[in-house]
Amino acid sequence: MATFKVPSLSDDELLDSITSAERGDKKTLFERRDEFKASSGSQHTTSAASTSAAGLARLPEVKAVNTESKSISADPPFSSSGHELQKSAAGSSSSTSPYRILVNKKQKGNPVLKCIHNVPWEYDSIIPDYELGRCACALYLTVKYHNRFPEYIHNRLKELGKSYELRIILLLVDTKQQDISHELNQLTRICILADCTLILAFSVEEAGRYLELYKSYENKPPTELMGKTKSDFLSQATEFLTCVKGVNKTDVTSLLSRFKVNPK
């Protein structure tokens, strides 16, 4: 609040301001001076208050602002990359994912998984070790493990049953012994009786590549797997004769011309 200075009056000025009728009053001049100062100060205070009120009345009307706080999410949305969302969505429908290799959770720590680069894969609750499609699966086995636990593959095949049309035993040759014919004979006999396919891999990279190929060729027609042969006589004769070791395409041409064979 603004303060106003009350001017000080001398005794002579105070006497001049008092009329002759007031001089007969019993109050002393100094008491009247104090009353005059008090009355002047109250008038100035009232004037200042009225001035402030008038100034406030001239202020523009301030509209009420809604200060209600909006709820802000603590986690920002994944606007630039939805990798986490895609991952969770894929996990909710892993059993129906047609483009992924489904991996048994017991295969965690298998170095073969680090060699699968060209095909996505994810863990799931499945019976085989790898599900390569709706009709194909694979059981993973190593030569060393088979020598230590020969009944393991029998139990796995009993557990698997006839759930898949194509059942693969992916055997990793991880032993340094030169002759593994005994183990191969055993596993070949098992595959014949259980209607399985035996695939040998000599490294974890090769094993991972086999899994990628089986998955990538899941929906391919049989013609994609068959070799393309040419129908003309010269190409067929060249392909047939070059199967003999030491015979090349030049030798084939010489033989055909020597025996007067007309390549038409």
The stretch 170-264, accessible surface, carbon-and-sulfur percent (1.4 angstrom probe):
56 percent
Along the stretch 129-135, Karplus-curve 3J(HN,Hα) (6.51, -1.76, 1.60; θ = phi - 60°) to the nearest Hz, with x for Gly and Pro, reads 6, 9, 9, 9, x, 5, 10
Would you please calculate the Kirkwood hydrodynamic radius of the stretch 135-264 over all C-alpha pairs and express it in Å, rounded to one decimal?
18.4 Å
Percent of alpha carbon pairs in the stretch 204-248 separated by more than 11 Å?
75 percent
Find the eigenvalues of the gyration tensor of the Cα atoms of the stretch 124-172, then list the square roots of 5 times those eigenvalues as equivalent ellipsoid semi-axes, largest first, in whole angstrom.
20, 11, 9
Linear extension gain, residue 105 paired with residue 233, 0.36 nm per residue minus alpha-carbon span
40.6 nm
Amide H neighbours of residue 123 under 5 Å, at least 5 residues apart or on other chains, H built in the peptide plane: list them.
103
Under the rule a/c < 1.5 gives rounded, and otherwise a/b versus b/c splits prolate from oblate, where does the stretch 138-215 land using the Cα gyration tensor?
oblate
For the stretch 130-197 the mean separation of alpha carbon contacts under 8 Å (6+ apart) over residue count, i.e. relative contact order in percent, is 39 percent
Reported to the nearest 10 Å², residue 206 has, with a 1.4 Å probe, an accessible area equal to 60 Å²
Heavy-atom accessible area per residue of the stretch 207-264, all protein chains kept, 1.4 Å probe, expressed in Å², is 84 Å²
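The values are calculated or read from the model by the stated rules, or taken from the named source; none is laboratory data. In this text, all values refer to a predicted model and were calculated from it rather than measured experimentally. Keep in mind that these areas ignore ligands, DNA and RNA; they rest on the heavy atoms of the full protein, side chains included. Shrake-Rupley method; radii C 1.70, N 1.55, O 1.52, S 1.80 Å.
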